[in-house]
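Reviewing the structure listed below.
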Amino acid sequence: MKFDTSAVRQVKKINQLKNNNMPIEKFKTIESTCVPLKIDNVDTDQIIPARFLKATSREGFGDNLFRDWRFDRNDNPRKDFVLNNKKFSGSVLVAGKNFGSGSSREHASWAVYDYGFRVVVSSFFADIFKNNALNNGLLPVQVSESFLSRLFEEIFQNPEKKVKVDLEKQRITLLSTGENEGFEINGYKKTCLINGYDDIDYLLSIKNKIEKFEATLLSELSE
Amino acid sequence: MAGKTLFDKIWDNHVVEQIDNGPAVLYIDRHMVHEVTSPVAFAGLDKRGIRVFRPGKTIATADHNVPTEDQHLPVKDMLSRKQVDTLTRNCEKHGITLYGLNHPYHGIVHVIGPELGLTQPGMTIVCGDSHTATHGAFGSLAFGIGTSEIEMVLATQCILQPKPGKMRIAVEGQPKKGVTAKDIILYIISKISASGGTGYFIEYTGTAIRDLSMEGRMTVCNMSIECGSRGGLIAPDDFTFNYLKGREFAPKGEAWSKALEFWKSLKTDADAIFDRELEFDAGDIEPMITYGTNPGMGIKITEKIPDGSKLKEEEKTSFFKSLDYMGIEAGSGMLGRPVDYVFVGSCTNGRIEDLREFTHFVKGRKKAENVVAWIVPGSKQVEKQAIAEGLVNTLEKSGFRLRQPGCSACLAMNDDKIPEGKYAVSTSNRNFEGRQGPGARTFLASPLTAAAAAITGRITDPREIA
Ligand code: SF4
């Protein structure tokens, strides 16, 4: 896909308005080893169980990422869970199909990000999770089933193997073999991620337009 | 040019601006917030030094982590109390109406919206909760959002949204006796899987849907998210208008007539095109129950659990992992399995009609000794009506007790947790691992099936008793 210039123009506007608001971290090209989570339908209740949603700020959720898979009832790490396996590390989480289904809790994205991941690779993502991730500087990379299997194979065979995630070119590459695949992302979101802009900045920048719109909408509806 | 779907019409009405090769800026008519997903959004406003843009378009309630007993006392759990207090403070600061604990309008956000007439056809409605889809039953465009998006709505009354695909699911014919709205939606999800609707917004049509009460339609739309879709909606009709008429925040007088005229126009054009269309035969639906750890893992209550042999190699791991968690053997049946807990409640089945169904079923019978039953009304108003109709009395005679409103064991953020390893028949919407408490095992079913289990202490086909 060609880099979308109109989206760039839209967000450039924001940059001029932006002062010290909470920008998300700029997304740079990543070369990293991967953590393989070969489970399908990982839902947000597994990513961050409801009982950990009682915080009133967004930091610290990484400690409870996959809490009930990672720790037993006595808070001892479960040896058989991949996050507790020292062989695997890195900022790329490779997960089975349909990652992030279930609740709209953004805490799931915060937890994945706070733990240190910057990219989640899967063959399928739940919609809300995808939106939430993109709003928090976490890149969901959707690949084909076959590419996903290849990734799992390679990682399990040798945990040292790295992938490169190039957002600019929208391409993920297995560095050891050169196998690669393109991935989709809409031009607007891409620009936001690369520049560390967020949607609220943009919406605030068009407030006049929103006010004008309200005038037309309200006359149509019953209110 | 092809006609428009109902979804298109509402969407198009609310697009402030379309970003090229990006999302639309969508105007939001109604925003609902609760204590769990909103604090970080309010904190975001503070950091930016801005105020809520249109406080009159947001309402708030505390439902997710509140206790369902002794609500007149301060919330015991420190962290929960902090969230509830934070919500109260944020609402006061920004001039947002709060139906907090003990308010006569308090309740689960998706129960009180419709009940108060805040949910109306043709509106865009969002809430930081995926079951916002419930409100689609009124022919509104309603869906769950994340906390960043809550902040967007608070700040600008808009969010940025990519337009989802359009799916139509028709359920035609007459359902059999003993088949409820919950069975219809569990059936649909079992057919299309927990991810079959991903990327789509669903419109439900067909005689079996049209014949449902508003409560039943809400149950169907509520679980749209459980097949991965963004939401579901049903075109408004006389059922909808009759339900809304006279409700607290429904339009009155001349405004009502004007609204009604507009609402009547809200339907999909005959020549509109959907990206995906499915049709099911209502006659094939039976009382349903789930056996696994996602809502797509459901069967007719009389059927056997799949043995896994038809699954693809990569699907097998998840399937057997799930059965292992549930302590259930592949290929076995569901009927007769012992049940430890029964939970009736949640935004799926915590409305007055659900309590009526449950109560009529257990009337004149006794709760099984081995079962702990939690019957939780969806709202204060539901509670009040249950008392007025004598349901509470009948329930008590059968050994049941009505708790106070809240989300309760649906997500077990408060004390209503199913203990590790125990089995619960639940009228809620999610059977994920640990959803109802660490190690809890959930069977999702209708209020009737829950009633049958509560009486016999086992998984029982409600038609066998009725
Ligand atoms: S009842 Fe359950 S699904 Fe509904 S809003 Fe509460 S927690 Fe969410």
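Tabulated results
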{"item": "Estimated vicinal HN-Hα couplings, Hz - segment A:33-50 in sequence order (Karplus 6.51, -1.76, 1.60; Gly, Pro = x)", "result": "6, 10, 10, x, 10, 8, 9, 7, 6, 5, 9, 5, 5, 7, 4, 8, x, 4"}
{"item": "Nearest-20 debye value, the protein assembly as shown charge dipole, Cβ charges on Lys, Arg, Asp, Glu", "result": "920 debye"}
{"item": "15 Å tail of the calculated P(r), segment A:166-214, as % of Cα pairs", "result": "60 percent"}
{"item": "Dipole in debye (nearest 20) - segment A:31-97, about Cα centre, beta carbon charges: Lys, Arg +1; Asp, Glu -1", "result": "140 debye"}
{"item": "Kirkwood Rh in Å, taken over all unlike Cα pairs in segment B:170-268", "result": "14.6 Å"}
{"item": "Residue-averaged [θ]222 nm for the protein assembly as shown, counting only DSSP H segments that reach four residues, each worth -39500 (n - 2.57)", "result": "-9500 deg cm²/dmol"}
{"item": "Phi to ³J(HN,Hα) by Karplus 6.51 cos²θ - 1.76 cosθ + 1.60 over segment A:198-207, Hz, x for Gly, Pro", "result": "10, 4, 5, 4, 5, 4, 4, 6, 10, 4"}
{"item": "Average other protein chain Cβ within 10 Å of Cβ, residues B:79-89", "result": "2"}
{"item": "Dipole of the protein assembly as shown [Lys/Arg +1, Asp/Glu -1 at C-beta], most positive-end residue of B:Leu45, B:Met223, A:Val92", "result": "B:Leu45"}
{"item": "Fraction of the pair-distance distribution of the protein assembly as shown above 40 Å, Cα-Cα pairs, percent", "result": "26 percent"}
{"item": "For B:124-131, mean number of other protein chain Cβ atoms within 10 Å", "result": "3"}
{"item": "Amide H contacts of B:Leu141 (H built 1.01 Å from N, under 5 Å, at least 5 apart or other chain)", "result": "B:Gly122, B:Met123, B:Thr124, B:Ile125"}
{"item": "For segment B:9-162, size of Cβ-based charge dipole, Lys and Arg +1, Asp and Glu -1, in debye", "result": "380 debye"}
{"item": "Peptides ranked, highest mean first, by Cβ atoms within 10 Å: ranges B:203-216, B:268-281, B:181-194", "result": "B:181-194, B:203-216, B:268-281"}
{"item": "Simple spin-label estimate for B:His360 and A:Lys212 in nanometres, 7 Å along Cα-Cβ", "result": "5.5 nm"}
{"item": "Relative packing of A:47-55, B:327-335, which averages over residues the other C-beta atoms within 10 Å, highest first", "result": "A:47-55, B:327-335"}
{"item": "Relative contact order, percent, chain B [alpha-carbon distance under 8 Å, six or more residues apart]", "result": "18 percent"}
{"item": "Mean separation of Cα contacts under 8 Å, 6 or more apart, over the residue count of segment B:304-461: relative contact order %", "result": "29 percent"}
{"item": "Separation of alpha-carbon centers, segment B:33-56 and segment A:24-67, rounded to whole Å", "result": "23 Å"}
{"item": "Kirkwood-based Rg to Rh ratio, segment B:1-155, C-alpha trace", "result": "1.00"}
{"item": "Reciprocal mean inverse distance between Cα atoms of segment B:304-461 - Kirkwood radius, Å", "result": "16.0 Å"}
{"item": "Computed Kirkwood radius, in angstrom, where 1/r is averaged over Cα pairs of chain A", "result": "18.9 Å"}
{"item": "Chain B: translational diffusion in µm²/s, Stokes-Einstein, Kirkwood Rh over Cα pairs, 4 °C, 1.567 mPa s", "result": "58 µm²/s"}
{"item": "Average partner coverage of B:53-65, which counts Cβ from other chains inside 10 Å", "result": "1"}
{"item": "Packing-based exposure ordering (other Cβ within 10 Å, fewest first) of A:Lys87, B:Lys82", "result": "A:Lys87, B:Lys82"}
{"item": "Centre separation in Å (Cα based) which lies between segment A:157-223 and segment A:110-136", "result": "12 Å"}
{"item": "Nearest-ten-degree value, helix A:5-17 long axis tilted from longest Cα axis of chain A", "result": "80 degrees"}
{"item": "Neighbour-count ranking [beta-carbon atoms within 10 angstrom, fewest first] of B:Tyr200, B:Tyr105", "result": "B:Tyr105, B:Tyr200"}
{"item": "Alpha carbon centroid spacing (whole Å) that separates segment B:235-306 from segment B:107-128", "result": "15 Å"}
{"item": "B:Asp415/A:Lys86 FRET efficiency (R0 45 Å; Cβ-Cβ; nearest 0.05)", "result": "0.75"}
{"item": "Relative contact order of chain A, defined on C-alpha pairs under 8 angstrom at six or more residues apart (%)", "result": "26 percent"}
{"item": "For the protein assembly as shown, with +1 on Lys and Arg beta carbons and -1 on Asp and Glu, the positive-most of B:Trp374, B:Val36, B:Tyr291 along the dipole", "result": "B:Val36"}
{"item": "Proxy reagent accessibility, fewest Cβ within 10 Å first, across B:His64, B:His72, B:His360", "result": "B:His72, B:His360, B:His64"}
{"item": "Vicinal HN-Hα couplings computed from phi for segment B:330-336 (Karplus, 6.51 cos²θ - 1.76 cosθ + 1.60; Hz; Gly/Pro x)", "result": "4, x, 8, x, 9, 4, x"}
{"item": "Cross-link table B:Lys300/B:Lys367; B:Lys321/B:Lys417; A:Lys28/B:Lys93; A:Lys87/B:Lys191, entries beyond 28 Å C-alpha to C-alpha", "result": "A:Lys28/B:Lys93; A:Lys87/B:Lys191"}
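A short reminder: the numbers here are calculations on the coordinates, not readings from a lab. Computed from a prediction, not measured in an experiment: that's the story for all the values here. Neighbour counts run over all protein chains shown; Cβ positions are idealised from the backbone, glycine included.
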